[in-house]
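Asker: If you scroll down you'll find the structure; I have some questions about it.
FYI, it's all coordinate maths here, none of it is from the lab. Here the structure is a predicted model, which means the values were calculated and not measured. Counting neighbours? That spans all protein chains shown, and the Cβs are built from the backbone with ideal geometry, glycine included.
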Amino acid sequence: MKQLVIFDLDGTLLNTIDDLGMATNHALTEAGYPPHSLSTYPKLVGNGVRRLIERALPEDARTPEIVDPMLERFKEYYDAHLMDATTPYPGIPELLRSLTSAGVKVAVASNKYQEAVERLVSTIFPDIPFCAVEGQKEGIPTKPDPSIIFEILGKVPTPKSKVLYCGDSGIDMETARRACVDSCGVTWGFRPARELREAHADEIVDEPGEILKIVLP
């Protein structure tokens, strides 16, 4: 049995892609660049907002002089619209309640900036007692660097053999590998199952309820 399950946020707990895409398109348009189809954004997200904006720009425009003000425009728009279209994936609220009812601790580790992570989690999952909610913070590298996992383990000391990390991307699987904890790839998110297999996920699940069978065998 696992004692702690750490979840990625975007593409794992929440479908945030339309709101992320709209905020990025707003920043692009304000800066004079063409917007992208929302269907493009699952391939652009995963390494934090700065990398999202860089990927959305033409290669010759990915300079701090262009990206920095766009990042501010993104955050201003996203902070006002971050829950316009965002919803939990089907079965996620039930999974979280089942885990916590069984005494399993749950946490969030996201590459989204901290303030947005806290707002989303507290608003959408008000009844879930997360033991840690961690997003991107100044001076701390983003996933796949494992620092965010170590930060959670510092707050919630748990043997690594009793930890499961769940995410929807190869970045998440690499994060778990570097942190030396078991990984579980979810196929309902932003990236294809092929990416999870190629990243050597320890487990791959198609529905949230399957995670219970891994955590509570």
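Asker: Percent of Cα-Cα pairs more than 22 Å apart in the chain, please.
Answerer: Value for the chain: 48 percent of Cα pairs lie more than 22 Å apart.
Asker: Can you tell me which lysines have their Cα less than 16 Å from the Cα of Lys213? Leave out same-chain residues fewer than eight positions away.
Answerer: Correct list for Lys213: Lys2, Lys105, Lys162.
Asker: To the nearest whole percent, what portion of all C-alpha pairs in region 105-195 is separated by more than 18 angstrom?
Answerer: Tail of P(r) above 18 Å: 45 percent of Cα pairs.
Asker: Report, to two decimal places, the Cα Rg of region 67-123 normalised by 2.2 N^0.38 Å (N = number of residues).
Answerer: 1.42
Asker: Under the definition of Cα pairs under 8 Å and six or more residues apart, what whole-number percent is the relative contact order of region 17-81?
Answerer: Values: 58 pairs, mean separation 27.1, N = 65.
About 42 percent, as a whole number.
Asker: Given only helices, namely DSSP H runs of n ≥ 4 each adding -39500 (n - 2.57), what is the per-residue ellipticity at 222 nm of the chain, to the nearest 500 deg cm²/dmol? Before the final figure, lay out the partial values.
Answerer: On the way: 9 runs with 93 residues, N = 217.
Taking each H run of at least 4 residues, the total per residue is -12500 deg cm²/dmol.
Asker: Quick check: pseudo-label points 7 Å beyond the Cα along Cα→Cβ at Lys155 and Ala31, how many nm apart are they?
Answerer: A separation of 3.0 nm, rounded to one decimal place.
Asker: Using the Karplus curve 6.51 cos²θ - 1.76 cosθ + 1.60 with θ = phi - 60°, what ³J(HN,Hα) values do you get for each residue of region 114-130, in whole Hz, with x for Gly and Pro?
Answerer: Result, rounded to whole Hz: 3, 4, 5, 4, 4, 5, 4, 5, 5, 7, 7, 10, x, 9, 9, x, 4.
Asker: Further, regarding this structure: Starting from the Cα gyration tensor of region 17-81, take the square roots of the eigenvalues, sort them a ≥ b ≥ c, and report rounded, prolate or oblate (rounded when a/c is under 1.5, otherwise prolate if a/b is larger than b/c, else oblate).
Answerer: Rounded, since a/c falls under 1.5.
Asker: When N is the residue count of region 55-171, what does its C-alpha Rg come to as a fraction of 2.2 N^0.38 Å?
Answerer: That works out to 1.22 for region 55-171.
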